[in-house]
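Colleague: There's a structure below that I have some questions on.
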Amino acid sequence: EKAGKWEVPLPKVRPIAEEEVFKVLKTGKRKRKQWKRMITKATFVGQSFTRKPPKYERFVRPTGLRFTKAHVTHPELKTTFCLEIIGVKKNPNGQTMTTLGVITKGTVIEVNVSELGLVTPGGKVVWGKYAQVTNNPENDGCINAVLLV
């Protein structure tokens with residue numbers, strides 16, 4: 001599968017069931033209400049993100065599983081850089097995972113490559129590039145990715 005105009009390093013990844021990603025939280029005085037979900041995978045939330053009040057929050061993203069940086073390998077330079085994540089472009093497990101910012105193996109993320117000094121043929125500095133996650137972040141505690149060039 002192509003993500004935009006790039007050939008991705010991991011074309012096929014194992015599909016993940018929603019039961020594996022979401023844990024049902026019971027709420028209410030008698031713990032009968034079951035509309036709230038806690039995400040059990042690594043996630044990305046933007047810097048300006050503020051949580052809704054707990055009473056109205058449908059999807060809880062634990063702070064311990066939130067990531068802001070990724071170890072991105074440049075395929076031509078064969079070097080790894082610790083880069084800031086800008087956003088989640090596409091999660092192969094579905095649109096809901098993409099909008100929630102869930103990062104699993106095979107997810108295409110956007111990273112800030114301004115510190116690498118990449119320049120376009122026109123002379124402009126490249127700010128953001130896409131990278132594909134190559135590991136399972138919830139197992140390793142970090143995000144490893146390959147830059148899509």
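Colleague: Using a 7 Å offset from the Cα along the Cα-to-Cβ direction at both Lys33 and Asn139, what is the distance between the two label points in nm, to one decimal?
Modeller: The modelled label-to-label distance comes out at 3.7 nm.
Colleague: Just need the relative contact order of segment 17-84 here, percent rounded to a whole number, with Cα pairs under 8 Å and 6+ apart. Numbers along the way, then the final one.
Modeller: Values: 83 pairs, mean separation 15.9, N = 68.
23 percent.
Colleague: Then there is this: When the chain is treated as a GNM, springs tying every alpha-carbon pair under 10 Å, which of Gly101, Gly123, Gly46 comes out with the largest mean-square fluctuation?
Modeller: Gly123
Colleague: How high is the relative contact order of the chain? Use alpha-carbon pairs under 8 Å, at least six apart in sequence, and give a whole percent.
Modeller: 22
Colleague: What is the distance, in nm, between label points placed 7 Å from the Cα along the Cα-to-Cβ direction at Thr50 and at Lys69?
Modeller: 2.7
Colleague: Please report how far the C-alpha centroid of segment 95-120 lies from that of segment 1-72, rounded to the nearest whole angstrom.
Modeller: 15
Colleague: Next question, about the same structure. In the P(r) worked out for segment 1-67, what percent of Cα pairs fall beyond 14 Å?
Modeller: 70
Colleague: Out of segment 74-104, which trypsin sites (Lys or Arg not before Pro) are coil in DSSP terms and have no more than 15 other C-beta atoms within 10 Å?
Modeller: On the way: sites: Lys78, Lys89, Lys90; in loops: Lys78.
Qualifying residues, ordered by number: Lys78.
Colleague: Once you order the gyration tensor axes a ≥ b ≥ c over the Cα atoms, which shape class does segment 52-91 get: rounded for a/c under 1.5, otherwise prolate or oblate by comparing a/b with b/c?
Modeller: It comes out prolate by the Cα gyration axes.
Colleague: Another question, if that's okay. Quick one: of Lys41/Lys105; Lys36/Lys69; Lys29/Lys55; Lys41/Lys89; Lys69/Lys124; Lys26/Lys90, which pairs are farther than 21 Å apart, Cα to Cα? If you can, show how the numbers build up before the last one.
Modeller: On the way: Lys41/Lys105 11 Å; Lys36/Lys69 28 Å; Lys29/Lys55 13 Å; Lys41/Lys89 17 Å; Lys69/Lys124 24 Å; Lys26/Lys90 30 Å.
As for pairs spanning more than 21 Å Cα to Cα, those are Lys36/Lys69; Lys69/Lys124; Lys26/Lys90.
Colleague: Scan around Val113 for amide H atoms under 5 Å from its own, H built in the peptide plane at 1.01 Å from N, and keep only partners 5 or more places away or cross-chain.
Modeller: Correct list: Gly128, Lys129.
Readers should treat all values here as calculations from the given coordinates under stated rules, not as data from a laboratory. Just so you know, these numbers come straight off a predicted model, no measurement behind them. In this analysis, Cβ positions are derived from the backbone assuming ideal geometry, glycine residues included, and neighbour counts consider all displayed protein chains.
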